[in-house]
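Participant: Before I ask anything, here is the structure I am working with.
The values are calculated or read from the model by the stated rules, or taken from the named source; none is laboratory data. Computed from a prediction, not measured in an experiment: that's the story for all the values here. When we count neighbours, we look across all protein chains shown, and the Cβ atoms used for this are built from the backbone with ideal geometry, even at glycine. What goes into the accessible areas is simple: the full protein's heavy atoms, side chains included, and nothing from ligands, DNA or RNA. Shrake-Rupley method; radii C 1.70, N 1.55, O 1.52, S 1.80 Å.
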Amino acid sequence: DAGITQSPRHKVTETGTPVTLRCHQTENHRYMYWYRQDPGHGLRLIHYSYGVKDTDKGEVSDGYSVSRSKTEDFLLTLESATSSQTSVYFCAISESPPGVGDTQYFGPGTRLTVL
Amino acid sequence: AQSVTQLGSHVSVSEGALVLLRCNYSSSVPPYLFWYVQYPNQGLQLLLKYTTGATLVKGINGFEAEFKKSETSFHLTKPSAHMSDAAEYFCAVSSPSGAGSYQLTFGKGTKLSVIP
């Protein structure tokens with residue numbers, strides 16, 4: 001299994017509070033991704049990173065920001081959480097970009113509930 | 001925008017029966033295609049993928065899928081279902097998302113139940 005950990009694994013928070021989710025990898029892969037999974041929607045890309053300090057937006061980036069200060073860590077921040085951000089969040093990594101058909105490896109997920 | 005359609009959000013099969021999970025995609029260029037499986041309370045893991053070459057792709061746990069360009073399909077099959085195959089399956093396509101970048105787009109998933 002790819003060495004990907006996510007923390008916390010579960011979190012309950014209140015509307016309006018800031019939340020930061022962490023993804024840590026030990027594979028030294030260049031590309032990292034944050035997805036959210038919601039029933040009936042599959043997985044949707046929030047943000048991705050193609051190197052240290054290099055990030056870009058995905059399909060559902062509104063209300064989220066990311067940072068990557070070192071290769072192994074990719075942080076997802078909800079500046080002011082809303083109930084619509086209740087979801088399961090998955091981090092993924094890959095050696096190469098999606099454009100060359102490389103496999104993405106997924107972490108175990110973080111279940112976030114915003115009350 | 002690229003899209004992936006998985007027919008049937010829930011599929012039930014008897015143990016030992018054929019498993020067929022359908023996936024159709026839209027893409028303006030030849031795509032890279034993936035099937036992932038998610039067991040309860042776990043992340044996704046790769047079952048198989050098509051990049052180039054042979055259109056019949058074999059994956060783990062006895063699954064295989066065939067890329068049919070003319071039908072824009074990548075259906076997943078397994079000849080004989082096992083109880084341990086009960087999970088949710090996601091089809092995904094890697095295709096251009098603009099400005100020279102690519103993105104992995106997922107279908108909404110098909111939950112497979114296996115009846116003893």
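Participant: Would you mention how many residues in region B:73-99 are of a type in the set (Val, Ile, Thr) and under 18 Å from residue A:42 (Cβ atoms)? Give the steps one after another, and end with the answer.
Facilitator: Here is the first cut: in region B:73-99, the ones of a type in the set (Val, Ile, Thr) are B:77, B:93.
Now restrict to residues that are under 18 Å from residue A:42 (Cβ atoms): B:93.
Result for region B:73-99: 1.
Participant: Yes or no: residue A:38 out of contact with any Pro (no Cβ under 9 Å at 6 or more places or on another chain) and loosely packed, with under 14 Cβ neighbours inside 10 Å? Don't jump to the end; show me each part of the working.
Facilitator: Details: out of contact with any Pro (no Cβ under 9 Å at 6 or more places or on another chain): yes; loosely packed, with under 14 Cβ neighbours inside 10 Å: no.
The answer is no for residue A:38.
Participant: If you don't mind, there's one more thing I want to ask. What residue, among those in region B:98-107 that are assigned to a strand (DSSP E or B) and within 19 Å of residue B:37 (Cβ to Cβ), is modelled with the highest pLDDT? Give the derivation first.
Facilitator: Filtering region B:98-107 down to residues assigned to a strand (DSSP E or B) leaves B:98, B:101-106.
When the remaining residues are screened for being within 19 Å of residue B:37 (Cβ to Cβ), the result is B:104-106.
On the way: B:104: 88, B:105: 90, B:106: 93.
Going through the qualifying residues, I end up with B:106.
Participant: I would also like to ask the following. Yes or no: residue A:79 away from chain B (no Cβ under 13 Å) and either surrounded by fewer than 20 Cβ atoms within 10 Å (Cβ to Cβ) or out of contact with any helix residue (DSSP H, G or I) (no Cβ under 7 Å at 6 or more places or on another chain) (or both)?
Facilitator: Details: away from chain B (no Cβ under 13 Å): yes; either surrounded by fewer than 20 Cβ atoms within 10 Å (Cβ to Cβ) or out of contact with any helix residue (DSSP H, G or I) (no Cβ under 7 Å at 6 or more places or on another chain) (or both): yes.
Here the answer is yes, as residue A:79 does meet what is asked.
Participant: Count, please, the residues in region B:15-47 that happen to be open to solvent by less than 60 Å² (accessible area, probe 1.4 Å), more than 11 Å from chain A (Cβ to nearest Cβ) and more than 30 Å from residue A:9 (Cα to Cα).
Facilitator: Of the residues in region B:15-47, 9 are open to solvent by less than 60 Å² (accessible area, probe 1.4 Å), more than 11 Å from chain A (Cβ to nearest Cβ) and more than 30 Å from residue A:9 (Cα to Cα).
Participant: Across region B:50-64, what is the number of residues that are within 11 Å of chain A (Cβ to nearest Cβ) and surrounded by 21 or more Cβ atoms within 10 Å (Cβ to Cβ)?
Facilitator: 1
Participant: Next question, about the same structure. For region B:15-97, which fully contained strands (runs of 3 or more DSSP E) count at least 3 residues that are in contact (Cβ under 8 Å) with a residue 40 or more places away in the chain and under 30 Å from residue A:6 (Cα atoms)? Working first, answer last.
Facilitator: Values: elements: B:19-26, B:32-38, B:44-50, B:56-58, B:64-68, B:73-78.
By residue number, B:32-38.
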